Amino acid sequence: VQAADSLLKLVSELKQTAIFSGFASLNDHVEQRRVEFNQLAEKTDHTLSRIGEEAAASLKELESHYSSSAQKTIQETQP
């Protein structure tokens, strides 16, 4: 009887160890994914910022071409 109780305690302890080990492993995996997602978010922010800067520069260039174009001059002289 005492051996059975000891065996049940051992099994219970092993189960707890397995569960806590699983949580530790899961926490490590979650932390790793969090770091990966933060890096991806930073890269995305940088890319969006660069695209915005390029779009602003292109728009400025287009406005410059339009303001100096003959078509605009003709439209301004017409009533």
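Filter segment 48-71 for residues that are over 32 Å from the mean Cα position of the chain (by Cα) and among the polar types (S, T, N, Q); which is least open to solvent (accessible area, probe 1.4 Å)? Filtering first and then ranking leaves Ser69. Taking the criterion of being open to solvent by 100 Å² or more (accessible area, probe 1.4 Å) and of a type in the set (D, E, K, R), the residues of segment 1-44 that qualify are Lys9, Glu13, Lys15, Asp28, Arg34, Glu42, Lys43. Count of segment 4-29 residues, restricted to those that are modelled with pLDDT of 90 or more and of a type in the set (Val, Ile, Thr), is 1.
Taking each residue of segment 55-69 that is free of Cβ contacts under 8 Å to residues at least 40 places away in the same chain and among the aromatic types (Phe, Trp, Tyr) and looking for partners that are part of a helix (DSSP H, G or I) and surrounded by 10 or more Cβ atoms within 10 Å (Cβ to Cβ) with beta-carbon atoms closer than 8 Å, six or more apart or interchain, yields Tyr66/Lys72.
The values are calculated or read from the model by the stated rules, or taken from the named source; none is laboratory data. Just so you know, these numbers come straight off a predicted model, no measurement behind them. Glycine gets a Cβ as well: all are built from the backbone with ideal geometry, and neighbour counts include every protein chain shown. Side chains included, ligands, DNA and RNA excluded: accessible areas come from the protein's heavy atoms. Shrake-Rupley method; radii C 1.70, N 1.55, O 1.52, S 1.80 Å.
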